[in-house]
Amino acid sequence: LALPPRPALCCCRKALPGAGQPSEAGGGGGPERLSRPDVDVASASNFRSFRLLHFHLDLRLDFGLKEMSGWQVLELVPLEAGAHTLVLDTHPSVLVHAVDCAVPGARGSPGRSVSLTFRVEPFSEFGSSLSISLPQGALRPRRPFRVTVRYTTTDGPAIWWLDAELTCGQTRPLVFTQGHSVCNRSFFPCFDTPAVKSTYSATVRVPEGVTVLMSASHSAYSEDDDAFHFSMKFPVPAYLVALVAGDLQPADIGPRSRVWAEPCILTGAVSKLGDSVEHWLGLAETLFGPYFWGRYDIVFLPPSFPIVAMENPCLTFIISSILESQEFLLIDVIHEIAHGWFGNAVTNASWEEMWLSEGLATYAQRRITTEAYGEAFTCLETGFRLDALHRQLRLLGDNHPVSKLQVKFEPGVNPSSLMNLFTYEKGYCFVSYLSQLCGDTKRFDSFLRAYIEQFRFRSVVAQDLLGFFLSFFPHLKETCVAQREGLEFERWLNDCGPPLYEPDLSAGAVLTKPVQRLCELWGDDTPDLEAIAAFDLSSWSTFQTVLFLDRLLDSTPLPQEAMTQLSRCYSSLLDGMNAEVQIRWLQIVVRNGFYPDLPRVRSFLHKHTSRMYTVPLYEDLCSGVMKCFAVEVFCQTQGRLHPNLRRTLQQILFQSGAASNGTPAGMLPSPAPSPTEQVPSGPVSLRDVNVSA
Ligand SMILES: [Zn+2]
């Protein structure tokens, strides 16, 4: 992120063709393309009435007040005559002070600035609308104008202020933002829909000693004005704008990659990644074409980061807690790299089709791991994730609407609450199905390269992908009488239940066979302990151990005698392994009410303060008979938890059935029931549904 400094706001920026706009022509789709969604039920904005060319943020961060204040300049073009009102998404945590508008005069004359009236109105649980009355008669279709919004924002859903005690180094406070899916309307007023993309720039002022990073292609610190300057020269949707500020230090790990972290974890982070990142980027480029974004940097965030990782362009955000679990770190970083093509370069136009980003990114991630680590490794990783998908299906039943690839949102439903394993794994299976339809993995790679080339920097719907697929493989179109229906695309998109096709994972047998055999031995009425002792878990990979423990968890409840023997064989061994392994064993302990290992649960919860390692255990503790123990541990540790996590855990502890799946109850609409409300709270753990973005 130390690229040459550049002017804060570029005045000669050109919108890239089609960026952020409907691709009426040259969309590459087949003749049956569906119409593009005209509305986004999760956005209050009138984004279809304007083209957003660029926006600039000028913000000052105050860690004492936990406030960002300043202004935002939007460069807009009206797309129709008589555009009287500009409606932006915003949030009750944003206080708008003033809005004004600069309308250019005729033939390049400076024009005039006028103050505008505005009103903020409730929209949903996750935002409000900011309606700005535009100057009557001054705007012309296709002539750019600028709107400046002066505002202050505090601690809305996008902005996570961490007191020094919540950071890894515990010396300085830190703040980060997390925009996915619809949170960034609390960071800056915007067209908060993935259908709209624009370039952006920012100027950020912070107290001395604080480093600011953003998801931008250029960044620099200027001593002249004591400010950090950022610019993203490629169009991105609002949710991919991200900022982090704190005691962050850099270390180069490749020609275009740098790790950022608090000083106390930097060396460890660098040694875990080594020079792998450049290797993975190179493999991804071989498969899917050039990496457009220039930099690929990674910032490690404290355990309060609410998800595992986020694909913010040029700067992946990832939780530092994952550092100890090497294979998960590897998969998560490769997944975020894959988003550089799938999700960030080509984006789902609506949150109802999130699988277009996640399913394709998961497929691409597995193509990269196949090239880097072989088919067996990839099949093992795929296997335990598909196991999790089927676990979800068993819990939800085959007719649950969240198992559809194309979800239909009711107004008021927060799109984040419907992000689940189906988005990733059923989406992955559909992409694998397309790959096997074309009959050759390498040819499918070349299709994906062409897809990126065709749609890059644009937002697409499923029909863009499928139409382009059929035009790329015309023989499929010709041989299939009923086209989409014949290829079952409609069933894939709209049916509930399991994937219609799953890839052949037999290449993983060399790694999964021993796991399978050990599970069978433990499944016997009187387990053969001598045969069991022949399996040395310390020589297994993390994913093998995880697969074994997941399958044990699926067999729960286990006989108390088996639990005693399992504990004797594995408890201390697993205790020395990484957190991804440990939490699975501890979930087995809790769900089986196995008291002798409860001290290990306590020390785990004293050590780990992240959402991903606390919520599943607390949910299990509270759905069983160990609620008093959970309350006790919570009281001992709550001072070290982020207030948002504390609230989630309080809901789990003190309101039975609430806050399952990491979804704060307040995020769900009332009274309209949403599909996630029907998710049973007990056995569906966070890790089953809420995976890395
Ligand atoms: Zn993802």
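The values are calculated or read from the model by the stated rules, or taken from the named source; none is laboratory data. For clarity, every value in this text was computed on a predicted model and none was experimentally measured. Reconstructed Cβ throughout: ideal geometry from the backbone, glycine too, with neighbour counts over all protein chains shown. Side chains are part of the model used for accessible areas, which takes the heavy atoms of the whole protein and leaves out ligands, DNA and RNA. Shrake-Rupley method; radii C 1.70, N 1.55, O 1.52, S 1.80 Å.
If you count, for each residue, the other Cβ atoms within 10 Å and average over each peptide, how do 620-628, 195-203 line up from highest to lowest? Kindly include the intermediate steps, with their values, before the conclusion.
Working: 620-628: 18.4, 195-203: 25.3.
Output ranking for 620-628, 195-203: 195-203, 620-628.
Mind putting a number on the dipole of the range 225-286 about its Cα centre? Charges go on the C-beta only, +1 for Lys and Arg and -1 for Asp and Glu, and I need it in Debye to the nearest 20. Walk me through the numbers on the way to the answer.
Values: 4 positive and 8 negative charges, 43 e Å.
Charge dipole, the range 225-286, about its Cα centre: 200 debye, nearest 20.
Residues of the range 198-273: accessible area per residue at 1.4 Å, in Å²?
Counting only protein heavy atoms, the per-residue value for the range 198-273 is 33 Å².
Specify the inter-centroid distance of the range 471-542 and the range 303-330, based on alpha-carbon positions, in whole Å.
26
Name the residues whose placed amide hydrogens come within less than 5 Å of the amide hydrogen of VAL236, ignoring near sequence neighbours (fewer than 5 apart) on the same chain.
SER198, THR199
Which of the GluC sites (Glu not before Pro) found in the range 141-234 are loop residues per DSSP with 16 or fewer other Cβ atoms within 10 Å of their Cβ?
Values: sites: GLU165, GLU208, GLU223; in loops: GLU208, GLU223.
Listed in order of number, the matching sites are GLU208, GLU223.
Read phi for every residue in the range 127-133 and hand back ³J(HN,Hα) as whole Hz from Karplus 6.51 cos²θ - 1.76 cosθ + 1.60, θ = phi - 60°, with x for Gly and Pro.
x, 9, 10, 10, 9, 10, 7
Please work out how much accessible surface ARG456 shows to a 1.4 Å probe, ignoring ligands, DNA and RNA, in Å² rounded to 10.
We get 90 Å² for ARG456.
For the range 174-217 and the range 360-426, what is the separation of their Cα centres, given in Å?
Between the Cα centre of the range 174-217 and that of the range 360-426, the gap is 28 Å.
Which value, in Å² and to the nearest 10, is the accessible area of ASP525 when all protein chains are kept and the probe is 1.4 Å?
It works out to around 150 Å².
Top to bottom by accessible area (1.4 Å), largest first, where do PHE123, PHE305 land? List each step's numbers first, then the result.
Details: PHE123 75, PHE305 0 Å².
Of PHE123, PHE305, the descending order of accessible area is PHE123, PHE305.
Hey, if you put +1 on the Cβ of every Lys and Arg and -1 on every Asp and Glu Cβ in the chain, which of LEU281, ALA44, ALA450 ends up farthest toward the positive end of that dipole?
Among LEU281, ALA44, ALA450, the one farthest towards the positive end of the dipole of the chain is ALA44.
Using the structure shown, select from LYS197/LYS408; LYS426/LYS627; LYS66/LYS272; LYS272/LYS404; LYS272/LYS607; LYS233/LYS408 the pairs with a Cα to Cα distance greater than 26 angstrom. Could you put the intermediate results ahead of the total?
Values: LYS197/LYS408 23 Å; LYS426/LYS627 35 Å; LYS66/LYS272 33 Å; LYS272/LYS404 37 Å; LYS272/LYS607 21 Å; LYS233/LYS408 33 Å.
With Cα atoms farther than 26 Å apart: LYS426/LYS627; LYS66/LYS272; LYS272/LYS404; LYS233/LYS408.
If you add up the charges near GLU80, with Lys and Arg at +1 and Asp and Glu at -1, over every other residue whose beta carbon is less than 14 angstrom from its beta carbon, what do you get?
That works out to +4.
Going by average Cβ neighbours within 10 Å, how do the peptides 210-217, 114-121 rank, with the highest at the top?
Per-residue mean Cβ counts within 10 Å order the peptides as 210-217, 114-121.
Cβ neighbours within 10 Å, averaged per peptide: list 239-246, 184-191, 389-396, 471-478 in order, most packed at the top.
Ranked from most to least packed, the peptides come out as 184-191, 239-246, 389-396, 471-478.
When the accessible area of the range 329-428 is computed with all protein chains present and a 1.4 Å probe, what percentage of it is carbon and sulfur?
Whole-percent figure for carbon plus sulfur exposure: 49.
Where only protein heavy atoms count, and the probe is 1.4 Å, what is the accessible area per residue for the range 464-588 in Å²?
Counting only protein heavy atoms, the per-residue value for the range 464-588 is 45 Å².
Compute the signed sum of charges (Lys and Arg +1, Asp and Glu -1) over the other residues within less than 12 Å, Cβ to Cβ, of TYR221.
-4
State the percentage of accessible surface on the range 52-197 attributable to carbon and sulfur atoms; use a 1.4 Å probe and exclude ligands, DNA and RNA.
Here carbon and sulfur together make up 50 percent of the probe-accessible area.
Whose amide H sits under 5 Å from the amide H of GLN249, counting only residues 5 or more places off or on another chain, with H placed in the peptide plane?
ALA261, GLU262
Compute, for the chain, the length of the dipole vector about the Cα centre, with Cβ point charges of +1 (Lys, Arg) and -1 (Asp, Glu) only. Units Debye, rounded to 20. Don't jump to the answer; show the numbers that get you there.
On the way: 57 positive and 72 negative charges, 434 e Å.
Dipole about the Cα centre, nearest 20: 2080 debye.
Net charge around LEU174, counting only other residues with Cβ within less than 10 Å of its Cβ (Lys, Arg = +1; Asp, Glu = -1)?
Spelling it out: positives minus negatives among the neighbours equals -2.
Shape of the range 327-400 from its Cα gyration tensor (a ≥ b ≥ c, root eigenvalues): rounded if a/c is under 1.5, otherwise prolate when a/b > b/c, or oblate?
oblate
Using the crude model of +1 on Lys and Arg Cβ and -1 on Asp and Glu Cβ, and no other charge, please compute the dipole size for the range 360-497 relative to its Cα centre, in debye to 20. Show your work: numbers first, answer last.
Details: 16 positive and 16 negative charges, 43 e Å.
My answer is approximately 200 debye.
Please identify the trypsin sites (Lys or Arg not before Pro) of the range 225-330 that satisfy two criteria: DSSP loop assignment and at most 16 other Cβ atoms within 10 Å. Which are they? Please report the intermediate quantities before stating the final value.
Numbers: sites: LYS233, ARG256, ARG258, LYS272, ARG295; in loops: ARG256, ARG295.
Those that pass, being in a loop and sparsely packed, are ARG256.
Just want the answer: with Cβ charges of +1 for Lys and Arg and -1 for Asp and Glu, which residue in ALA361, ALA388, THR347 is farthest toward the dipole's positive end in the range 325-394?
Result: ALA388.
Given PHE594, SER231, LEU529, which one lies farthest toward the positive end of the charge dipole of the chain, if we put +1 on the Cβ of every Lys and Arg and -1 on the Cβ of every Asp and Glu?
Final value for the positive-end residue is SER231.
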